[in-house]
Each structure stands twice: as structure tokens, then as C-alpha cells.
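The values are calculated or read from the model by the stated rules, or taken from the named source; none is laboratory data. Keep in mind the model is a prediction, meaning the values are calculated, not measured. All Cβ positions, even for glycine, are placed from backbone atoms using ideal geometry, and neighbour counts span all protein chains on display.
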Amino acid sequence: MIIVMELDAPLEAIEHVTRKLEEAGQTVQCMTGANRTVLAVFGDPSEQGYALWKDLPYVADVLRIDEPFRLASRRFRRASTIVSGAWGNIGGDKPWLAVEPVGLDSVTDMPHGIAAGRPFDAAVIRGKVVPPSMGALACLALEPSPGTQSDVVFVHRGPSWGANKWIGLAERELAEGRHNVVLLEAGGEYPNGARTLEMAAIARAKIRTHLPIVVDAPSVAQRARYVAAIAQAAIAGGADGVILRAWVGKRDELATLPATLPWDEAVALGVRLRAIAAAARG
């Protein structure tokens, strides 16, 4: 359940309610916003317990949560989460654009666009060894090595998962104290191996969770000619960010990796995605 405190609830009242809950065998996590404090309560309170908590001083409301997640629920935190750091802002009014550069032999071969950081906010690496930065772009690990922890936790949606299972996995990360949690859509999968952008799962997740959602366009597209359409649909459909894959080696050695764009095409697509987001979000 979720306990919503009054706007003017003093710290002593919040601590009193927390103590009463813990004495009753409940686990409590407190989240304080700009104007109000909310308590997420984990346990199995009785009907009598609901009435008891609602009568405590400075308690505005007690909400029963029937969903299989609480910390990730928009009922727990109504404002959308923005995961911020050297990698930019994932979430908020502007789309987060990341590039996965491939074909770079050395820093001296780095395109000027990476050095300047435009139009991307960050670089992402799928390998196990991730440099702290690439030019002006901070680097994030999409798939960190076992036992290591990335600055941002990307929760991949399984090809056949619905929104509940996806958000439920993010709930586990939040319950373990990780705050920079992002949902990652990499496509649903047909029996023949083809993938599709699951806009329904994104739409349901946007309504039910406050966590940002990023689309891994190369994983969904599988072929370069589909990347632009999928990335544009994702941004227009409400995704908070998109990952692109760009070849940054010599032009005549374009990568054999699937869904890889030449660097200049990736930059042009990034500019278009920002324009689409500005038009879609007013």
C-alpha cells in the first residue's frame, strides 16, 4: 500500500507513522518530493490495518496497490523520473539520444561530431569494457559484466514480456536501492526471429510507471533501412529516448553489424528526432 502524508506534515509525524508501520511488521520506504512525502509499505496489512493507518495524524490518504509493483508505480510517484548525470537527462521534455559507435580504432579517428557531442547526449557500449567517456560524450554500459554496476541500470524487456513483467523487474532494481533505473525496449519477437517495436507495451508502461523508457532502435530494426522509421515512431509515440548505432570507421569499410548507419546519417537522424520531439510535445 501507499500512505500519502499531508502537505504540511512535519518530520516528527512522518517518523511516527514510519515507526508504527515497522512495529506492525511492515517494511517502509520513504520518498519526499517538493511538497509532499509518500510512504511505500511492503507487507500484507489487514483491513483493520488500513483503517488504523488512515487515522494516524497527518495521514492524507491510504491507497491499496493491487499491481505487482509499488516503487515503480506512478501511484507512488506521480512526477516522471528524470535520470540525470554526465550522460545527460533521460526523461523530461527533451528526448535523450545515445549513439553506439562502432569501427573506431583509436581516439585520433574520432569524428568531430563525437568530439563535440552533437547531436547526441551520450555513447553506449555493449562490450564488457566501457571507457568513462568518448570525446565529449559520457559512456554507459548497456550490458555490464556480471558483478559490476553501471551508472544507469537498463532494464531490458524480454521479447514476449508484457508491461507488468517489465516494470516488475525494474521494481526489483529499485527495491535494491538503485535509483538510476531506465526501461529499455528492444522489440517483441516473432517465431521467425523478426522483431517489432511494441508501442502497446511502451504506452502501458508510460501510464503505469514513472520510469523513463528508451528504445534500442538497432535491436528492434535489425536492418539499417528500418532504423530511421523505428526511431521516429518511438519518439513520436512517447519514448523518452532512442539509441542509434553508427559506423565511425573509414567510409569504405562500413560495418557488417546489422542496423548500423554511416556516421553522417546517424547525425542527420538525431537532428530529425529532436525536431519530431519538439513538434509532438509542443
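Taking region 80-112 as the search range and keeping residues that are more than 14 Å from the chain's Cα centre (by Cα), surrounded by fewer than 16 Cβ atoms within 10 Å (Cβ to Cβ) and small (Gly, Ala, Ser), which one is modelled with the highest pLDDT?
Going through the qualifying residues, I end up with 86.
Condition check ((1) under 15 Å from residue 217 (Cβ atoms); (2) among the basic types (Lys, Arg); (3) loosely packed, with under 14 Cβ neighbours inside 10 Å; (4) within 22 Å of the chain's Cα centre (by Cα)) across all residues:
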position: 242; (1), (2), (3), (4): yes, no, no, yes
position: 246; (1), (2), (3), (4): yes, no, no, yes
position: 249; (1), (2), (3), (4): no, no, no, no
position: 254; (1), (2), (3), (4): no, no, no, no
position: 260; (1), (2), (3), (4): yes, no, no, no
position: 264; (1), (2), (3), (4): no, no, yes, no
position: 267; (1), (2), (3), (4): yes, no, no, no
position: 278; (1), (2), (3), (4): no, no, yes, yes
position: 281; (1), (2), (3), (4): no, yes, yes, yes
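Out of the residues in region 157-178 that are surrounded by fewer than 18 Cβ atoms within 10 Å (Cβ to Cβ) and in contact (Cβ under 8 Å) with a residue 40 or more places away in the chain, state the one that is farthest from residue 241 (Cα to Cα).
Checked region 157-178; the qualifying residue farthest from residue 241 (Cα to Cα) is 175.
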